[in-house]
């Protein structure tokens with residue numbers, strides 16, 4: 001972490017602490033009698049996550065590009081959570097990412113630009129550092145924190161990458177799962193996955209995230225959201241996004257419908273208004289589950305619908321060909337099937353990608369993954385993805401082997 005970030009972090013922590021003093025309630029069952037007791041009763045945890053990522057991309061030797069890359073990285077995560085004192089608690093989390101052995105890949109900061117990108121740069125950072133107040137029906141968190149909203153299509157932590165995306169600011173959450181829930185965050189800085197040595201390390205600006213959800217009846221929930229991103233150092237990503245989302249459980253079948261409208265804001269010089277649509281239907285029976293969906297990120301005036309804060313690896317294929325929406329938008333027709341086998345879960349997904357504004361056939365992709373717990377604290381994940389380019393980017397295959405351990 002750079003020294004210049006500390007004043008902002010601690011300033012936010014102080015703001016959160018001061019804003020919640022008036023909300024203090026009597027100590028609840030399990031609370032510590034003194035602040036010293038709360039600190040002494042804190043718990044530390046260690047997580048190790050080792051991953052090998054292999055990329056085989058169509059090779060253009062005349063451009064000096066090596067189409068193959070291998071990234072072998074270890075993420076070491078150490079965190080500490082204090083006990084509770086009158087509803088207050090503190091949390092600190094440190095991450096270190098280190099290349100182990102082979103580093104023939106473009107981490108985005110290691111100057112190996114002749115290799116395909118694997119965005120897992122070396123570095124040690126403060127991943128989270130916050131003060132939290134838990135009230136009777138509300139939670140206030142101030143500082144550097146993880147924020148995942150809904151399925152992370154618009155706001156998430158990019159947990160797949162070794163260096164997580166976290167948010168500096170204040171978040172207020174109200175309600176419970178069986179009633180109205182309100183979630184508001186004011187964010188002044190986003191710590192992106194590229195690490196502090198990157199020119200793309202942060203999104204700075206005025207970011208406001210408002211989300212509300214309500215259970216209509218049992219198994220059916222509707223949500224509304226308004227996300228305002230006024231970014232100082234990434235003006236082309238400044239936008240207003242308003243939307244609604246519905247989730248329904250019909251027993252054997254489940255459905256997810258979503259719509260959003262996005263337009264430019266702040267100092268964004270692009271004049272556009274684009275739509276987002278999602279229709280997804282799933283089914284589960286015994287050991288088997290399946291899903292089919294159609295997702296559209298539209299376009300207007302040559303500008304595609306933007307999702308700069310999303311956990312993008314979850315969507316539109318594991319090879320990450322569409323981290324930025326193409327200028328003509330994108331339509332993703334996908335289907336998946338999963339089965340529980342050998343103590344784990346085998347999953348297969350097919351994507352077909354087309355432009356939204358014209359007849360361009362981008363390509364298609366197959367994804368296969370298998371994950372299982374080896375012990376209570378150790379898990380294994382194997383993934384393979386193959387993108388066949390038609391009229392967009394390059395044929396790309398990727399393979400991952402990942403082992404995680406908690407202590």
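Once you keep just the Cα pairs under 8 angstrom separated by 6 or more residues, what percentage relative contact order results for the stretch 126-207? Spell out each step's value before the answer.
Numbers: 162 pairs, mean separation 18.5, N = 82.
The normalised contact order for the stretch 126-207 reaches 23 percent.
Could you calculate the FRET efficiency of residue 214 with residue 31 from 1/(1 + (r/R0)^6), where r is the beta carbon distance between them and R0 is 30 Å, rounded to 0.05?
Details: r = 31 Å, r/R0 = 1.04.
It comes out at approximately 0.45.
On C-alpha positions alone, give me the angle between the axis of helix 5-20 and the longest principal axis of the chain, in degrees, nearest 10.
Result, in degrees: 50.
Where the centroid of each part is defined by its Cα atoms, how far is the stretch 147-190 from the stretch 91-125 in Å?
Using only Cα atoms, the two centres lie 25 Å from each other.
Once a ≥ b ≥ c are taken as the square roots of the eigenvalues of the Cα gyration tensor of the chain, is the result rounded (a/c under 1.5), prolate (a/b larger than b/c) or oblate (a/b not larger than b/c)?
The shape class here is rounded.
Would you work out the relative contact order for the chain, in percent, from Cα pairs under 8 angstrom that are 6 or more residues apart?
11
Please give the contour-minus-distance gain from residue 393 to residue 204: 0.36 nm per residue of separation, less the Cα-Cα distance, rounded to one decimal in nm.
Once the chain is fully extended between residue 393 and residue 204, it gains 65.0 nm.
Quote to one decimal, in nm, the extra length available between residue 80 and residue 290 on full extension: 0.36 nm per residue of separation minus the C-alpha distance between them.
Values: separation 210, 0.36 × 210 = 75.60 nm, distance 3.88 nm.
Extra length available between residue 80 and residue 290 comes to 71.7 nm.
Rounded, prolate or oblate: which one fits the stretch 293-347, using the alpha carbon gyration tensor with axes a ≥ b ≥ c (rounded when a/c is under 1.5, else prolate when a/b beats b/c, else oblate)? If you can, show how the numbers build up before the last one.
On the way: a/c = 3.87, a/b = 2.43, b/c = 1.60.
Cα axes put the stretch 293-347 in the prolate bin.
What is the packing order of peptides 148-158, 242-252, taking the mean over residues of other C-beta atoms within 10 Å and listing the highest first?
By packing density, highest mean first, the sequence is 148-158, 242-252.
Please identify, among 342, 283, 212, the residue showing maximal mean-square fluctuation in a Gaussian network model of the chain using a 10 angstrom Cα cutoff.
The residue with the greatest mean-square fluctuation here is 342.
Here, each number is a calculation from the coordinates, and none is a lab measurement. Small disclaimer: the values here were computed from a predicted structure and weren't measured. Positions of Cβ are generated from backbone atoms using ideal geometry, with glycine treated the same way; all protein chains shown enter the neighbour counts.
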